[in-house]
Amino acid sequence: MKAPSVSQMQQRFLQFEKLATRHLCARCAGSSKRNMRSHRGNRLNETLTPHQLISKDACRWFVEDTDHGLIHAVLVAFWGWMITGKLGMRDFSSALLHDFARAWGDDDHDSRLQAIFPLLPECTYSHSTPTDHDCKTLLVSGDRMELNRFHDAEQWVKPELLPCSFGDEWTQKYYSFRSALDKLWSLRNQPWAGHGFERWGGMVSSWPEQRFQRGIMQNPAIEIDRPPFRKCGTHGEDNPWRKLRGWIPLSELGDAAICASIPHRDHWSLGASCARSTHDWIWILASTSKPAVTAAKELRESGCAVFQRKFVNSFFRLSHLIETRVETLPHVACPQISPQNSIEDSA
């Protein structure tokens, strides 16, 4: 398997989202007219049905843990599909739930998982110490690729067990990509400030820049939004500010970062002291125009996190579907559940 660039990886994720969504909801995926008219006969919910009562806290821990929780699960499924070329329903459920117990601190998470979800593929319960056969499965292949981003990965990921190796430079780029994605997900419920390039004049060290207008120094205008940063904004669709924008959490800009509204304008502006390193911003590319693509390439080559808007939307659509399904688990009844067979809130 040839190492994909970060841009290529984001493009492939769009295809993966459609396949994964079919397992969760055929109508959301729009997979066929037949599936749009009727219920689809798959067994995903059967494998996701807990055989022990699960607390809301346990589900919330899983959703929020970026190392072993939902984000990790989605990317394990993605990498497993990239490597094996398949995304069966059981493999998908295995990838989603393989670290469910680990996310909330259970050291013996493999065996604990089997008690909670006993209908997953067998490799799910031994993925921490996989057999030679397990190493060829979607779960273990994807899990090893995902964990290889850590600098001490060799402590638990033997290089010879990796399905493919892309080298240190690629691994570092993936680590940066993953860190920025973690930030978007972790802070998705907080307001972010956005500001786009009016024109690209080359790489700058800090952002946003102040500029003179009619001989007066103007504070940069900003948009306020939350990930995944909806299409609607304060500028028109063809406006250059919309094609490539940097986003940063308001919490990183400090108190009183926003100035009073500019007269006769429908958005706020940032104070003069609020410029931050260009690398502190997460950049969203929403255009295929040459100037925007050129600017995004220079930002990426300098080490900035740059995402395609279609990828961000795709990732959040799929992750929100899974998040909702996971947070439904405490309300799911199973005939085998008894009052003694439960996971307490304090687990």
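Roughly speaking, what is the stretch gain from Leu119 to Glu198, that is 0.36 nm per residue apart minus the C-alpha to C-alpha distance, in nm to one decimal?
Here the segment from Leu119 to Glu198 would lengthen by 23.0 nm.
Would you kindly state how much longer the chain becomes between Thr129 and Asn45 on full extension, computed as 0.36 nm times their sequence separation minus their alpha carbon distance, in nm to one decimal?
Numbers: separation 84, 0.36 × 84 = 30.24 nm, distance 2.69 nm.
Fully extending the segment from Thr129 to Asn45 adds 27.5 nm.
Which entries of Lys56/Lys243; Lys56/Lys297; Lys2/Lys56; Lys136/Lys297; Lys56/Lys136; Lys2/Lys297 have Cα-Cα distances beyond 31 Å here?
Lys56/Lys243; Lys56/Lys297; Lys2/Lys56; Lys136/Lys297; Lys56/Lys136
Between Ser186 and Cys25, what is the spin-label point distance in nm, taking each point 7 Å from the Cα along the Cα→C-beta axis?
2.9 nm
Ordered by packing density, taken as the mean number of other Cβ atoms within 10 Å over each peptide's residues, highest first, how do 288-300, 133-145 rank? Could you put the intermediate results ahead of the total?
Working: 288-300: 16.2, 133-145: 22.5.
The densest-packed peptide leads the list: 133-145, 288-300.
For Phe307, enumerate residues with amide H under 5 Å from its amide H, sequence gap 5+ or separate chain, H modeled in the peptide plane.
HN-HN under 5 Å from Phe307: Trp283, Ile284, Leu285.
Simple spin-label model, 7 Å along Cα-to-Cβ: Ser251 to Gln11 in nm?
Result: 3.5 nm between the two label points.
Does segment 114-155 come out rounded, prolate or oblate by the C-alpha gyration tensor, with a ≥ b ≥ c the root eigenvalues, rounded set by a/c under 1.5 and, if not, prolate when a/b is larger than b/c and oblate if not?
Working: a/c = 2.37, a/b = 1.82, b/c = 1.30.
Verdict is prolate for segment 114-155.
Give me, ordered by chain and number, the residues 5 or more places off Gly196 or on other chains with an amide H under 5 Å from its own placed amide H.
Long-range HN contacts for Gly196: Gly246.
Every number in this text was worked out from the coordinates using simple rules, so none of it is lab data. Because the structure is predicted, anything quoted here is derived from the model rather than measured. With ideal geometry, Cβ positions are generated from the backbone for all residues, glycine too; neighbour counts draw on all protein chains shown.
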